[in-house]
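Remarks on the structure that follows.
The values are calculated or read from the model by the stated rules, or taken from the named source; none is laboratory data. Since the model is a prediction, treat every value here as computed from it, not as a measurement. Note that we place each Cβ from the backbone using ideal geometry, even for glycine, and neighbour counts take in every protein chain shown.
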Amino acid sequence: IKRFLQTLGGFTLLSAGTVATFYYFAQKDRTPGHQLPHDPEKKTLVILGSGWGATSLLNSLDTSEYNVVLISPRNYFLFTPLLPSVAVGTLNPRSIIQPTRYVTRHKARQVAVIEAHATSVDPVAKTVTFEDTSEIQGLVSLTTINYDYLVFAVGAEVQTFNIPGVKEYACFMKELEDAEKMQRRFLDCLESAAFPGQSQDEVDRLLHMVVVGGGPTGIELSGEIHDFLEEDLRSWFPELANSVRISLVEALPSVLPMFSKRLIEYTEAQFKQAKIDILTKTMVKEIKEKSVVLQMPDKSIVEVPCGMVVWAAGNTGRQVTRDLMSKLPEHQTNKRGIVVDDHLRMLGTDRTIFALGDCTATSYAPTAQVASQEGAYLARILAQIAKADNLESRLHALRSSPETPESKAEITSIGRQLNRTRKLRPFEYSHQGSLAYIGSDKAIADLPFFNGNLATGGVATFLFWRSAYLSTLFSLRNRTLVATDWIKVKLFGRDVSRE
Ligand code: FAD
Ligand code: NAI
């Protein structure tokens, strides 16, 4: 009995300690401290975007050195790797977003967060024009501000290749609304198929889900749809479950070109087992209201009836990016995006515009990993630039006042410091590996291992995938929400009500 009571006491103490620590950090998150106001003496740093690049920058940035203004049509950060899980109801949409003000309210100096689209940048006048395009607007909804430094991190938009019907009939998988729309559409297809008197042909059409693009987005989404089907729909729609078909269409000879051959084969085998059809060397030519037109490997054209098409065929630059690039035609000629130097400075400008993430054309893949490392790097560079700017101001002040032996010595010392501070280290990307979920509680991972590569797939990799993304989520709040959603789905299954 004594030993039992001791164990119970120890366990209670441990639990109380865990709850107290959790409560402490949660409260710390909720109660930001005092912030310095904007200072007219400081330079204005305007950040466009609130995605991976911009949020990573904000997280690491010392805002005491700048008056920071963040402009983005989204007043939150979206954790894109878990977006396909939202599309099938594994995760709640709110679990994978973090309001940008949760970050900015903890900064030393106030950061102005403005929910608006940047519509144009003038690199000569150093101005940004932005517009409130949300449903509700005040009397002022369009304005222009000046910047000293600009960080361009607006990401990319979905590439449609102007294929007819894509914009009208397909769902995308890029923004939170896309995932929510897909979930509604999918459930609508199921409910319509369950409508009394529906012919088998029409049931088959309604329950044929076509995913276009065999990149990681298309693969992860197909895996998630399959999980939803096997883990939940089979119980709630037993008469329809066998009619659900998932087809993945990819124009190239194989899916997931960025993964090693072994993992591509593993994914293809897993999809075969899960009865997900992979159609490679097949190109979508048109999307119609109730069908998709495919060009098959033998170049024949086939029209396939379907209930839903999800378009995950890659990205292209945004209009605001193209407009800015067109103002610097000599240097900005790369169709993939903004060309930057080793320090992420946009070529052709006077070193005051930085660009990062998916809106740039670099030797790195357009991934969250790259954008977030670039953001953290830029925070260090901007700290160094602020230091150099401060030293220059001091030097200017000393040089404009009468010379004394002390001021002469200080000028020499500042000169030396300035030389050191102006030397910026170039950005170096450190690849941490590629991970993708492929459904059925399995994931694949290509991880750097010593000087080689470790290619692994299966259930253990899935657990690694989950823990990796849980730890990458930016806040304790989001980690808790996502972990709770996973537990809820394991206990009660996914919700099949259509909002
Ligand atoms: P984004 O994160 O897209 O942010 C762009 C920001 O700019 C947004 O806040 C947007 O609202 C804002 N914006 C847009 N227009 C304007 C404007 N006119 N003015 C001002 N602001 C504007 N990468 C990985 O490394 N691992 C993964 O597992 C992974 N999974 C993914 C899953 C999905 C479904 C998707 C779609 C992508 C995934 N990616 C993943 C890729 C990753 O999300 C992108 O590479 C990353 O988001 C790029 O970061 P970014 O900051 O350049 O752009
Ligand atoms: P993607 O560009 O990687 O893949 C799109 C695919 O669609 C391509 O393989 C292309 O051949 C195919 N395609 C294009 N047009 C087509 C057509 N008409 N018919 C048939 N197929 C067509 O796009 P994705 O998957 O959205 O990824 C974008 C970026 O985000 C990539 O850099 C990727 O690495 C990253 N990402 C990473 C993830 C991860 O690491 N787990 C998850 C999701 C995205």
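Filter segment 428-445 for residues that are within 20 Å of the chain's Cα centre (by Cα) and more than 12 Å from ligand 1 (Cβ to nearest atom); which is surrounded by the most Cβ atoms within 10 Å (Cβ to Cβ)?
Step one: of segment 428-445, the residues within 20 Å of the chain's Cα centre (by Cα) are 429-438, 443-445.
Next, only the ones that are more than 12 Å from ligand 1 (Cβ to nearest atom) stay: 430, 438.
Values: Ser430: 7, Ile438: 30.
The residue in question is Ile438.
Looking at Leu91 and the list (1) part of a helix (DSSP H, G or I); (2) within 16 Å of ligand 2 (Cβ to nearest atom), which single condition is not satisfied?
Here Leu91 meets the rest and fails (1).
Looking at segment 431-499, what strands (runs of 3 or more DSSP E) fall wholly within it and have at least 2 residues that are touching a Phe, Trp or Tyr at 6+ places or on another chain (Cβ under 7 Å) and under 26 Å from Glu230 (Cα atoms)?
434-439, 442-449
Is there a residue being in contact with an Asp or Glu (Cβ under 8 Å, 6 or more places away or on another chain) and at pLDDT 95 or above anywhere in segment 95-105?
Yes: segment 95-105 contains one or more residues that are in contact with an Asp or Glu (Cβ under 8 Å, 6 or more places away or on another chain) and at pLDDT 95 or above.
Kindly check whether there is at least one residue in segment 19-39 that is of a type in the set (Gly, Ala, Ser) and under 26 Å from the mean Cα position of the chain (by Cα).
Yes, segment 19-39 contains a residue that is of a type in the set (Gly, Ala, Ser) and under 26 Å from the mean Cα position of the chain (by Cα).
Restricting segment 66-78 to residues that are surrounded by 23 or more Cβ atoms within 10 Å (Cβ to Cβ) and not β-branched (Val, Ile, Thr), which is farthest from ligand 1 (Cβ to nearest atom)?
Tyr66
Condition check: away from ligand 2 (no atom under 16 Å from the Cβ), modelled with pLDDT under 95 and not acidic (Asp, Glu). Does Ser407 satisfy that? Full working, then the answer.
Numbers: away from ligand 2 (no atom under 16 Å from the Cβ): yes; modelled with pLDDT under 95: yes; not acidic (Asp, Glu): yes.
Yes, satisfied.
Tell me which residues, restricted to segment 122-135, are in a strand (DSSP E or B) and either surrounded by fewer than 17 Cβ atoms within 10 Å (Cβ to Cβ) or over 23 Å from the mean Cα position of the chain (by Cα) (or both). Spell out the reasoning first.
As a first pass, look at segment 122-135 and keep what is in a strand (DSSP E or B): 122, 127-131.
Across segment 122-135, the qualifying residues are Asp122, Thr127, Val128, Thr129, Glu131.
Check off (1) in contact (Cβ under 8 Å) with a residue 60 or more places away in the chain; (2) crowded, with 20+ Cβ neighbours inside 10 Å; (3) among the β-branched types (Val, Ile, Thr); (4) within 16 Å of ligand 1 (Cβ to nearest atom) for Ile287 and give me the number that stays unchecked.
The single condition Ile287 does not satisfy is (4).
Would you point out which residue out of Ala397, Ala388, Ala436 is touching a strand residue (DSSP E or B) at 6+ places or on another chain (Cβ under 6 Å) and either modelled with pLDDT under 95 or farther than 20 Å from Leu57 by Cβ (or both)?
Unique residue meeting the criteria: Ala436.
So which residues in segment 354-398 are of a type in the set (Gly, Ala, Ser), within 16 Å of ligand 2 (Cβ to nearest atom) and part of a helix (DSSP H, G or I)?
To start, the set of residues in segment 354-398 that are of a type in the set (Gly, Ala, Ser) comprises 355, 357, 361, 363, 365, 368, 371-372, 375-376, 379, 383, 386, 388, 393, 397.
Adding the requirement that they be within 16 Å of ligand 2 (Cβ to nearest atom) leaves 357, 361, 363, 365, 368, 371-372.
Scanning segment 354-398 gives Gly357, Ala368, Ala371, Ser372.
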